Amino acid sequence: MASAREIRRRIRSIKNTQQITKAMKMVAAARLRRAQERVGLARPYAAKLEEVIGSIARAGGARHPMLVKRPVKKVGYVVFSADRGLAGSFNAQVIRHALNEFKGKSRDEYVIFAIGRKSRDFFRKRGYPVVGEITGLPDFPAFSDIKRIAESIVKLYEDGTYDEVHLIYNKFNSPISQVPVTKQILPLQDVGGETADQPKANYLYEPSEEEVLDALLPKYAETLIYSALLESKASEFGARMTAMGNATDNAAEMISTLTLSLNRARQAAITTQITEIVGGAEALK
């Protein structure tokens, strides 16, 4: 059994760790609120783009290569992860989901664009075809932070280098629920799907529908990539807040258990001392 001194040392160490995890939980909670706001603000822009593009696509007056499915020879996967750990299963579950997507495919049939240090390091160390990466993104990234790689991905698809592009990221449902998903963004499918109660809008296109599509479709695909990044960031903060909250609770439980052990050790020491005193007194008789 550990001595009282060793138990006290462990209690102090766990209390220090508990203070750190509690502070990290509070920081993650504050960042999560702001990340959720950014996700909400990005949705109306993407929704309006989809509405306009869907209106043109439904009218049938113009076609664009980004809307046409072609034989799939090579696929580009954009995998979103975090740069750091201490976020529960956030990184592990998105990487595991990506590996399931790659299963059954030859490494010549796909390439990976890694967004985040964790996914980049994992796939590179194991020899997966990583052709692009972005690391060191801020907690609240702007579109300019991923503009270069987003434009590159869309351009490579337009040039025929890849026949499909998929996003793999953690979709934010709540602070305790982040679900890894795969979303195809190229070719664009079911854009602006019309519902029965959706009001119809008539647009006038200047100079033409084809030129409007040429300008809007790449922007829309880039917007989907940025939206996935915002979802991933919100999921990261939610996962980190939950993980640090659990760590703080576990630390409190360990402190309680160790305090009980400390009290028992002290009681045993006192009992031993009393026994020795009584034994010494008996020996003097």
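The values are calculated or read from the model by the stated rules, or taken from the named source; none is laboratory data. Here the structure is a predicted model, which means the values were calculated and not measured. Neighbour counts run over all protein chains shown; Cβ positions are idealised from the backbone, glycine included.
Summary table below
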item	result
Every residue from the stretch 61-110 that is within 22 Å of Tyr220 (Cα to Cα), surrounded by 14 or more Cβ atoms within 10 Å (Cβ to Cβ), out of contact with any Ser or Thr (no Cβ under 9 Å at 6 or more places or on another chain) and of a type in the set (A, V, I, L, M, F, W, C)	Met66, Leu67, Val75, Val78
Hits in the stretch 229-285 (condition: β-branched (Val, Ile, Thr), touching a helix residue (DSSP H, G or I) at 6+ places or on another chain (Cβ under 6 Å) and farther than 28 Å from Gln36 by Cβ)	Ile255
Selection count where residues are among the basic types (Lys, Arg) and either in a strand (DSSP E or B) or without any contact (Cβ under 8 Å) to a residue 12 or more places away in the chain (or both), scope the stretch 107-149	4
Filtered residue count, the stretch 131-158, keeping only those that are surrounded by fewer than 20 Cβ atoms within 10 Å (Cβ to Cβ) and under 21 Å from Phe90 (Cα atoms)	8
Given (1) over 22 Å from the mean Cα position of the chain (by Cα); (2) in a loop (DSSP other than H, G, I, E, B); (3) under 25 Å from Leu137 (Cβ atoms), index of the condition Leu49 fails	(2)
When residues of the stretch 88-106 are limited to those that are more than 13 Å from the chain's Cα centre (by Cα) and part of a loop (DSSP other than H, G, I, E, B), the one farthest from Pro180 (Cα to Cα)	Ser106
From the options Lys69, Lys73, Lys25, residue that is touching a helix residue (DSSP H, G or I) at 6+ places or on another chain (Cβ under 7 Å), touching a residue at least 60 places away in the same chain (Cβ under 8 Å) and of a type in the set (Lys, Arg)	Lys25
Subset of the stretch 228-285 (residues that are among the hydroxyl-bearing types (Ser, Thr, Tyr) and over 15 Å from Ala29 (Cβ atoms))	Ser232, Ser256, Thr257, Thr259, Ser261, Thr271, Thr272, Thr275
Members of the stretch 178-222 that are acidic (Asp, Glu), at pLDDT 70 or above and within 24 Å of Tyr77 (Cβ to Cβ)	Glu222
Flag if Leu230 is outside any loop (DSSP other than H, G, I, E, B), surrounded by 12 or more Cβ atoms within 10 Å (Cβ to Cβ) and either modelled with pLDDT under 90 or not small (Gly, Ala, Ser) (or both)	yes
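Per-residue answers, yes or no, for (1) touching a residue at least 40 places away in the same chain (Cβ under 8 Å); (2) acidic (Asp, Glu); (3) under 23 Å from Ala2 (Cβ atoms); (4) in a helix (DSSP H, G or I):
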| site | (1), (2), (3), (4) |
| --- | --- |
| Glu206 | no, yes, no, no |
| Lys219 | yes, no, no, yes |
| Thr223 | yes, no, no, yes |
| Ile255 | yes, no, yes, yes |
| Gly279 | no, no, no, yes |
